[in-house]
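All remarks here apply to the structure that follows.
Read-outs throughout are calculated quantities, based only on the coordinates presented, and are distinct from any laboratory measurement. These numbers come from a predicted model, not from an experiment. Methodologically, a virtual Cβ is constructed for each residue, glycine included, from the backbone with ideal geometry; neighbour enumeration extends over all protein chains shown.
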């Protein structure tokens, strides 16, 4: 390659790394990342989790509730939407599934009754947002975007056993990246991010600064760099288990690929698919 050709090649813009917050988070275990996004055919996953069913149905119900005409946005419609979209995936038996459906319907109705004004139209529901930097093309789907006195707020629903804390919200890389995506997509300021815990009605919030958002973006870019480095090593012939090593821990118990990963099995206990449900239905 001649010197002018080399200079032209060096000046070519670098291809952006396309990702979502979920994809970046998965690289916390490079082996899980490879199994999820790269290995084809994909390794078989474990059985579905009941707690994932709970989260998915609650999100669908709240999404579709906002699609109703304003006159029909009553808490009882939340109950109907949970029941209509219910799935038995992951539950021990029909009785446990039915009891959990009733419980989740109660959560959704109570949340709508106590925390939501049906006339306060959100800016977005299940809205896809995107942001670009010199290195990243980020995208993600936000559960809800509110307009609070002219400021946009990211709202994320949670259905886990433990209510979120302010520290949880502040530490959430996904929420910070959503705020950046809202800014670039809607061209309005967005700093406040919230976790809304449906089982307890807890609302945990954090107000980002330019510094905290910049730090979250820098972490995302470092993760993307790690992913690209792993891909380069693999392309050069480095063994997959070396380029994408496991990071075993007790949390491997929840990994969909635990059965395919000796390191993960050694580091964690095997859980039944309905593990993690509330005590009332466990």
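If the segment from residue 166 to residue 133 were pulled out straight at 0.36 nm per residue, it would be longer than the present Cα-Cα gap by 9.1 nm.
Each residue in 177, 217 was given a count of other beta-carbon atoms within 10 angstrom of its own, and listing them fewest first yields 217, 177.
Spin-label pair residue 98-residue 271: with each label point 7 Å from Cα along the Cα-Cβ axis, the two points sit 2.7 nm from one another. Using only Cα positions of the chain, each an equal point scatterer, no hydration layer, compute I(q)/I(0) via Debye at q = 0.07, 0.10, 0.11, 0.12 Å⁻¹ and quote the log10 values to two decimals. Ignoring solvent entirely, the Cα scatterers give -0.32, -0.64, -0.76, -0.90.
When 158, 39 are sorted by how many other C-beta atoms sit within 10 angstrom of their C-beta, beginning with the fewest, the order is 39, 158. Modelled label positions at residue 189 and residue 251, each set 7 Å beyond Cα in the direction of Cβ, lie 3.3 nm from each other.
Extension gain for residue 45 to residue 18 (0.36 nm times residue separation, less C-alpha to C-alpha distance): 7.3 nm. Footprinting exposure proxy ranking of 154, 125, fewest other C-beta atoms within 10 angstrom first, gives 125, 154.
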